[in-house]
1. With only alpha-carbon atoms in the gyration tensor, what are the semi-axes of the equivalent ellipsoid for the stretch B:239-281, in Å, largest first?
2. So which trypsin sites (Lys or Arg not before Pro) in the stretch A:158-209 end up in coil per DSSP with only 11 or fewer other C-beta atoms within 10 Å?
3. Tell me, what is the percent relative contact order of the stretch B:123-282, built from C-alpha pairs under 8 Å that lie six or more residues apart?
4. Within a 10 angstrom radius of the beta carbon, how do B:Phe260, A:Phe26, A:Phe46 rank from fewest other beta carbons to most?
5. Only four residue types carry charge here, +1 at the Cβ of Lys and Arg and -1 at the Cβ of Asp and Glu. Report the dipole size of the protein assembly as shown about the Cα centre in Debye, rounded to the nearest 20.
6. Out of the DSSP beta bridges found with both residues in the protein assembly as shown, what percent are antiparallel (nearest 5)?
7. Between B:Val35 and A:Phe23, how many nm apart are label points set 7 Å from Cα along the C-beta direction?
8. Arrange B:Ile265, B:Ile52, A:Ile185 by Cβ neighbour counts within 10 Å, fewest through most, would you?
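Nothing in this text is a laboratory measurement; each read-out follows from the coordinates by a stated rule. The model shown is predicted, which means the values in this text are computed figures rather than measured ones. Counting neighbours? That spans all protein chains shown, and the Cβs are built from the backbone with ideal geometry, glycine included.
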Amino acid sequence: MSFLRSRYINVAIIFTSAFLMIFTYFFKVQVLSDAATLVQKTVSLFAAFTLVLGAMNLTLIAYRQVQKKAPTAPFSVLAIVVMLMMIITGLIPPLMNSPQFNWMYNNIQAPTDSTMYAMMVFFVASACFRAFRARSKEALVMLVIGSFIIFTYAPIGAIIWPGLPVIGSWIEKYPMTGASRGFSIGVALGGLGIGLRIMLGREKAITGE
Amino acid sequence: MNENKGIFDKIENMNVRIIYILIIICIAIPIIRPVGLPIQISESTMSVYDFIEKLPEGSVVLVGFETGAAGWPELGPQLNIFMQHIFDKNLKPIIVSGNVDGAQLAEMYTIPQMNKPGKVYGKDWVNLGYIAGGESGIAAFASSITSITPRDYFNTPVENLEMMKDIKSAADFKLAIVCSWGTPGHSDYLRQYTTNFGVPLIVGAQTTTVPGLVPYYQSKQVVGYTSGLRGAGEYEVLTHHPGYAVASLDAASSYHLVVFVLIVIGNLAMVAKRFTTKKEVT
């Protein structure tokens with residue numbers, strides 16, 4: 001039994017799954033490809049189950065809030081009520097497509113989601129006004145480049161001066177892409193290193209230690 | 001001198017409500033009374049258009065509605081105009097989403113708006129619904145469609161859909177289009193469809209994700225991309241379907257202009273305040 005609890009089981013599962021993915025990327029062996037697809041399907045199944053886990057977790061947090069009589073308890077209750085309403089209306093046939101579910105989605109979820117995102121327009125404007133100050137040479141460079149990019153994407157840029165989007169596009173094409181490439185390569189190399197550590201069981205948090 | 005300093009101080013720390021009111025006004029006026037500013041078509045949008053134009057009729061195109069309702073104002077217009085172009089060219093779209101509500105958004109906000117005379121669900125387009133599992137889900141879908149989506153969004157078995165009879169894996173797609181506001185995004189599509197199966201990829205991007213996307217476009221791993229509302233507006237002009245995006249671009253222009261003016265005012269006030277303080281010291 002102690003062997004089953006040991007980290008070697010976890011490392012073996014991780015190593016086998018990762019090896020399957022890497023091997024089938026480079027070589028076409030039908031049996032291994034099928035096994036890789038099975039692993040991917042299993043991950044997909046687990047991911048679907050995490051939604052249930054999330055719902056359970058939210059309910060538990062709300063229950064604790066109510067138990068403690070926290071000031072935010074009414075909001076937690078509302079969140080649970082709305083979640084249950086969405087689940088129940090979603091289960092009415094035809095699944096996820098009943099008029100009740102669509103009404104709730106169209107009139108509650110979609111407008112509130114969009115409103116939250118749209119409010120960023122105001123925050124971004126206010127943040128730009130306060131943060132974009134040329135307090136140093138570096139800040140001035142950022143300010144100038146930011147201005148060119150703003151007018152590259154706004155049609156009014158070309159009307160103010162046709163050169164604005166041209167310069168903006170050049171900045172985007174060369175300096176920005178160069179920096180972005182460097183960043184991507186760095187992230188990829190870091191990912192490779194972490195991946196190898198996980199495969200070999202050197203990342204202790206992953207193996208449950 | 002102190003009075004001047006006080007004014008500059010007030011400008012520098014302008015009340016946030018004034019900024020908000022200015023923004024509301026500058027967005028509302030162009031929406032109520034559009035100016036119709038000319039829109040220049042960017043090279044990347046043109047690449048998208050040219051590629052779709054050249055696809056033979058009946059080609060199967062995967063369209064990833066990788067957004068929720070919050071991302072819809074920016075990505076929705078792009079998805080709508082891509083879908084309209086796909087229907088205009090008699091291509092066959094397969095709708096999927098790694099976002100819980102993406103497939104639903106397609107059915108609610110895209111499909112009803114499409115001008116698609118004579119097109120029949122199951123024969124000319126399908127919606128395969130939600131794919132759980134992020135990139136792993138996409139990878140499984142790419143290798144075997146029915147393994148991960150045995151039924152479509154309407155709960156019909158995929159083998160009963162006429163269009164899906166010969167479509168078994170990503171190798172049968174002639175193009176993949178993804179409009180994403182997070183994960184799964186263009187990187188996941190690129191790795192699983194383009195790298196593994198050679199499927200050309202088009203991206204409808206949020207403007208903030210463009211810097212990460214341009215290297216893939218320059219290396220020709222991505223066929224083309226449209227950037228935010230501006231990209232959707234350009235595409236609406238190209239396909240002769242002016243709509244929501246074109247109408248919104250005037251508001252976007254005036255918003256950007258006001259933000260720029262505010263930045264300039266803030267900086268001028270800061271410089272003027274420094275100048276007056278220096279004079280006082282000397």
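1. 42, 5, 4
2. Listed in order of number, the matching sites are A:Lys204.
3. Values: 175 pairs, mean separation 21.6, N = 160.
Once normalised by length, the contact order is 14 percent.
4. Listed from fewest to most nearby Cβ atoms, that is A:Phe26, A:Phe46, B:Phe260.
5. 1500 debye
6. Close to 5 percent.
7. 6.3 nm
8. On the way: B:Ile265 14, B:Ile52 24, A:Ile185 11.
In order of increasing Cβ crowding within 10 Å: A:Ile185, B:Ile265, B:Ile52.
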